[in-house]
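The values are calculated or read from the model by the stated rules, or taken from the named source; none is laboratory data. What you see is a predicted model; the values in this text were computed from it and never measured. Counting neighbours? That spans all protein chains shown, and the Cβs are built from the backbone with ideal geometry, glycine included.
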Amino acid sequence: MVRRKTMLKGRISRIGRYAIASSITDQCITCTTFNILAPIYKRLSDDEDDIGRESDYRAYWLARNRRILDWLLREKSTIICLQEYWVGNEELVSMYEKRLGNAGYISFQLARTNNRGDVLIICFRCLTIQPDGPPSSCLGKKGLLTAVHRDYFSIINHRDLLLNDFGDRVAQLLHVELVSPCFLNRSNNVRQEILIVNTHLLFPHDSTLCLVRLHQVYEILQNVESYQKEFELNPMPILLCGDWNGSKSGHVYKFLRSQGFVSSYDTAHQYTDDDAHKWVSHRNHRGNICGVDFIWLLNPNRYRKLLKTSWNETVFSLFKSLLRRASLTVKDAFTFLKVDSEGDYVTYSGFCEALRQLKLAGHRYGLSEKEMKDLWVQADIDGNGVLDYREFQQRIWYSEELDDGSIHDNDHLHDPVHDIQQAIGFSVKNAVLFPTEVEKGMWPEDYSLSDHARLTVVLSPVQMPCSKLIF
């Protein structure tokens, strides 16, 4: 016990040491997510015409990744999730595996599909790669590396999630149990298990890719739900870590919030969903700074909408935003949808045609016929086969305004059984971004470790009553 306390208190880097260290107790765990910028993507000059990449110069990428590992090992988070890990470089892979293994980590790595470049994750971070990546001469497998410390976790199971989508994205699912005696409640024998997911979503090169990114999150959550159902798991906390390539104002953020997930960093700093510019974590290749790196937490006592319901509502929200972007009023939008109708209503064919014109359907990564049908069924409230003006307003145009964040319709919730049981969840004790300037919405020009900030969160286990959910 003394040795563990020493390790916890000694693992925090000098920058931000007091903010995090003051939050750590013997019963805390820490989680770090970090996009470490694959050398094949790192330009050696800000000049767009300069195609020189760090991957061409061994001394450069080796020195930078050694500094990254030095920091990770000094911080010694119990969970580490890295993105843009250069899986295709044997020397770099060997260095990470050796140093992490010697420090007591159990690690997993996953490359993007189709030999696409991507991110390294430690402690389950999902791998992704950008479609407009570097020249083929410097391409190599990139992906995720996930690592957890064996002093704190035993591995129950893990799965590689291959999305096989337009962006060749992947994710990792890790099912672990806390093993330290200080985490165990011997009195009621509550097992402290966690599901950890690591991922890296597609970069939004244009607005048409928003639906692709939503599909990626939807498929990840479907896999998590299927895993829980397959093994009939008791309620447990879920951590989603990674580079989400989207801010708090985006549809991916709204989708995850509708499923009950909370942003750990925003929770720690008491920021609301509207505080989209309080912090940043990335300066992208266009020079824009934004907050895109999250550690999402879902505690087992949170009631939430059915996943399919949240998906449909988020797609409706995207649909509405595209209509509004075209400067359509509610009446104009309704008229746009009922273009093939002779009456004051929208037909299914008119609804599908509108989705195609807005590029939400009709291409290989658009909505499927089944997904369009599911949307239609939810929009057609009375089930009479057409969409009238009232239904259009209620289900599409004003759906967000009518939903104040609380859930009123029990039919849209997971149905709990009556017997209440004890489960372990987490409270967010603290969260820190480094470099510290990003916490004020600024990007320091002298920061060269990556084009992303590191996010570390301190979590404390708490007991909470909950009902087992039936999917």
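Summary table below
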read-out	value
Residue within region 182-194 that is under 29 Å from Lys440 (Cβ atoms) and crowded, with 18+ Cβ neighbours inside 10 Å present	no
Yes/no for Leu459 being in contact with a helix residue (DSSP H, G or I) (Cβ under 6 Å, 6 or more places away or on another chain), in the same structural domain as Asp274 (by TED's automatic domain parsing) and modelled with pLDDT of 80 or more	no
Looking only at region 213-259, and only at residues there that are modelled with pLDDT of 95 or more and among the small types (Gly, Ala, Ser), the one that is surrounded by the most Cβ atoms within 10 Å (Cβ to Cβ)	Gly242
Residues of region 157-204 classified as in a strand (DSSP E or B), farther than 24 Å from Arg112 by Cα and modelled with pLDDT of 80 or more, total	4
Only listed residue being crowded, with 19+ Cβ neighbours inside 10 Å and over 32 Å from the mean Cα position of the chain (by Cα), chosen from Thr335, Thr347	Thr347
All positions within region 357-370 that are surrounded by 13 or more Cβ atoms within 10 Å (Cβ to Cβ), within 25 Å of the chain's Cα centre (by Cα) and free of Cβ contacts under 8 Å to residues at least 24 places away in the same chain	Ala361
